[in-house]
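The values are calculated or read from the model by the stated rules, or taken from the named source; none is laboratory data. Worth saying up front: this structure is predicted, and the values here are computed from it rather than measured. Cβ sites come from the backbone with ideal geometry, for glycine too, and all protein chains shown count toward neighbours.
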């Protein structure tokens, strides 16, 4: 357990909805963020099959709207924690990868490496649906190669979260370049537009 996590941890068990044979072990951990806020991390894992999932619930939030930017230069930086709220737009400009907020978006808590894995899965699914002679195949393969390099820490990149309603967090590793740019948000601001995907 991380030093940032409280010594509070509870476990519960119930029948697995996936295999109907094993027991799901649910663990609850409260994680303290650097700004004093807290999130509850719930993890579910079956002792019998490969079923596992997790959920993140904010217990408090500073709700500061802004742009959060991490400069990833090496494998150490990949361990920086990312907490994206449903209103946060996440992007890696160098790889032209973007996750826009949408009606089914949820909170998730991971590290930069976990974000790269999510992108890799999405790009691989997209590629599998292309015809072999599709002109995009070469471009998609280049993106997948770049993602592999980024996961090894061999490709520097920028991870940016734009959250104009607040609630997203970045917990950088020591020595990782991090910048938070506060943004004013006004419900009546006509220039504010979240793209729904």
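General remarks:
- Residue check: residue 129 meets all listed conditions (1) touching a strand residue (DSSP E or B) at 6+ places or on another chain (Cβ under 7 Å); (2) farther than 19 Å from residue 166 by Cβ; (3) modelled with pLDDT of 85 or more but one, namely (1).
Residue by residue, here is whether (1) at pLDDT 90 or above; (2) surrounded by 15 or more Cβ atoms within 10 Å (Cβ to Cβ); (3) touching a helix residue (DSSP H, G or I) at 6+ places or on another chain (Cβ under 8 Å) holds:
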| residue | (1), (2), (3) |
| --- | --- |
| 93 | yes, no, no |
| 97 | yes, yes, yes |
| 103 | no, no, no |
| 153 | yes, yes, yes |
| 164 | no, yes, no |
| 171 | no, yes, no |
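- Evaluation of residue 39 against the conditions (1) out of contact with any strand residue (DSSP E or B) (no Cβ under 7 Å at 6 or more places or on another chain); (2) at pLDDT below 80 shows that the sole unmet condition is (1).
- Taking the criterion of being closer than 16 Å to residue 180 by Cα and at pLDDT 90 or above, the residues of segment 52-81 that qualify are 66, 67, 68, 69, 70, 71, 72, 80.
- Within segment 53-98, being without any contact (Cβ under 8 Å) to a residue 12 or more places away in the chain and within 26 Å of residue 141 (Cβ to Cβ) holds for one residue alone: 98.
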